[in-house]
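Read the structure below first, then the notes.
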Amino acid sequence: MLDTVLNMFTRNDSRRNAVLGLARIISRYDLVNLSYETGHREDRRAKDQHHASWGVWLFPCEAGGTAKALRISSGVPAVTHDLRSEGLGIMTPVKLKAAHLIVAIPDDEDESWRFFRGEVRHNTRRPGGWHHLGIHVESTITLESPQRVAFREHIQGIEAESVK
C-alpha cells in the first residue's frame, strides 16, 4: 500500500532507469579492468567514454518498441566500440536502416543479458565495410520467459553454425 502511495508522488522515468542500468554495467567493467597501479576513480559514474569490445545483439524496432514486438530472428550480431552512461557506440558488419534498436548486452555478473531500447543518432561508414552506430539509450526492456528462452536458443544456434 505504501509503495502505491509513493508511486503516485514519484514518476517512473524509463530513460533514467536505462541510463542507470547501463552505468552499472560500465562500472562493473571498470572495476574488473582497473589496474592496481591506476588507483580508484573519484566518480564511478563519469560521463567519459570507455572503449570496450563486447559481443552484442541488435534488434530493429519501432520508436515505442516493447518486448512483445521483439522479433528474435531479426537480430544482428555486433561489437561495442565504446560505452557511455548515455549510450553506446557499436560496430556492425551491415548497414542498419532502423531509427530505433533494442540492444542485448551481456551482463557477466549473473551470466544473463540486459536489453536496452535506443535511438540511432548516427550511422557512419568505416573502412572494411563496417558501420559505426551511435545509440542513445531510452529505456530498459524486460523479456518474458518464453522470449528469453527463444533468444538463448537463437544465439546458441548461430554460435553452433559459426563453429562448423
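Put a dot 7 Å past each Cα toward the Cβ at Asp107 and Ser73; how far apart are the dots in nm?
2.9 nm
Which order do peptides 121-133, 90-102 fall in by mean Cβ count within 10 Å, highest first?
Per-residue mean Cβ counts within 10 Å order the peptides as 90-102, 121-133.
Rank by packing, highest mean first: peptides 56-65, 13-22, with packing defined as the count of other Cβ atoms within 10 Å averaged across residues.
Put in order of decreasing packing, that is 56-65, 13-22.
Any read-out appearing in this document is the output of simple, stated calculations on the displayed coordinates, not a laboratory observation. Owing to the predicted nature of the structure, the values given are computational and were not obtained by experimental measurement. We place every Cβ from the backbone using ideal geometry, glycine too, and count neighbours over all the protein chains shown.
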